[in-house]
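Please treat every number below as a calculation from the coordinates, not as lab data. In this text, all values refer to a predicted model and were calculated from it rather than measured experimentally. Methodologically, a virtual Cβ is constructed for each residue, glycine included, from the backbone with ideal geometry; neighbour enumeration extends over all protein chains shown.
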């Protein structure tokens, strides 16, 4: 085995040296070198470029069986990314040949919950910390937004708790013949990524607002098959039918097909500069690409970690920031893409069944949450259309105006006269509406502050100032 390892290493080094020699021979300038590199990458796209997913069967007992030739070997379902029939473009008129392509707008990334810090110490649960550090936690969140316009983070706890009871692996053992055993040696907070991967595959993805990731397994009091949220909000499943597919050693053009025909991808870029020199750019969510001034770039959300303090305890937290990285880095000989993408290979891929809005007992006041653009908000509270607006504050009318669809206006308030009760139909909160209200002279002055424009962006600017100024003063 050792001799075989060295033989393989020598063969790879020989191939790399040969590749460098060929590139040097054909390169008379930097521009020619980069041009040849691109041609090399594009010609490789004719090779098989396979998405892989571990194969399983459903037994007569309803159990899930992963059949393996040997204990440490696996069988896979495979899909060729080069198949136009299997993978039509996600956006009409846009594919891997387009000059630009975006799955998610850059401006939206900062406001996605999947981009933001978790703000708690998640290291107490191994499977949760692994999902966050390896980037799959963010992948599920970004994919839910790209596919369903849902601004969520996945409940890893739900993924583990919703696992089917019967999951087995079967394999051939040299001594014992065919062996069938439990797929997992243990459940709960072990660090096995398949716990939530398989849970999501068979149970869909539920928001962490519904079932919190702060619950520590196995002490969580959730039922073995959760079917309701902890705080009374709608129990909605996202990405039903989607599976986690892996890809390995894809070229630029092959990877463009993944983004434009499958969806958001998480992965790594392996960069080879010739000889023994190589590098890796890792933990990246890929959202698209663009060409600006003849420079081609990937549009990505990159993982950033920061050291946080919780009382006397220190822990690392993670978030994602938008960036653009060169598609063809200077001096590169070859580059390859490895990672994961969520894809529904079924003929029927269910859309989330979002029920009629339910109502919350408590609702934040106007200083807590400012609506931005549905379904994204600047704050970490339920969306406006998830809660009933309060009926006893000056914020009532504004809240209703921002609910989806037409404002919820009681019938008796659709036709207002000077005798209409302020208690039944509160005063408007914007100058334009107040001007039309026949009771404008008796409405309390504080209901409509001077200079109020009703503009969302004005309120946001004020909120940003309130947050930033104290921080700047601390630095002075």
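Tabulated values for the structure
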quantity: Using alpha carbons only: equivalent-ellipsoid semi-axes of the range 83-130, gyration tensor based, whole Å; calculated: 35, 17, 7
quantity: Label point at residue 295 placed 7 Å out along Cα→Cβ; residues across the range 244-282 whose backbone nitrogen lies under 18 Å; calculated: none
quantity: Near-label residues of the range 318-352 by backbone N, under 20 Å of a point 7 Å along Cα→Cβ of residue 120; calculated: 318-320
quantity: Relative contact order of the range 55-205, pairs being alpha-carbon contacts under 8 Å that are 6 or more residues apart, as %; calculated: 27 percent
quantity: Protection proxy ranking, peptides 94-103, 278-287, average beta carbon neighbours within 10 Å, highest first; calculated: 278-287, 94-103
quantity: For peptides 320-328, 151-159, 57-65, 187-195, sequence by mean Cβ density within 10 Å, most packed first; calculated: 151-159, 187-195, 320-328, 57-65
quantity: Length-normalised contact order for the range 47-343 - Cα pairs under 8 Å, 6+ apart - percent; calculated: 23 percent
quantity: Highest-first arrangement of 255-263, 75-83, 125-133, where packing means the average Cβ count within 10 Å; calculated: 255-263, 125-133, 75-83
quantity: Normalised per residue, the volume of the convex hull around the Cα set of the range 196-328 (Å³); calculated: 199 Å³
quantity: Residue 304 versus residue 278: modelled label distance in nm, points set 7 Å from Cα along the beta carbon direction; calculated: 3.0 nm
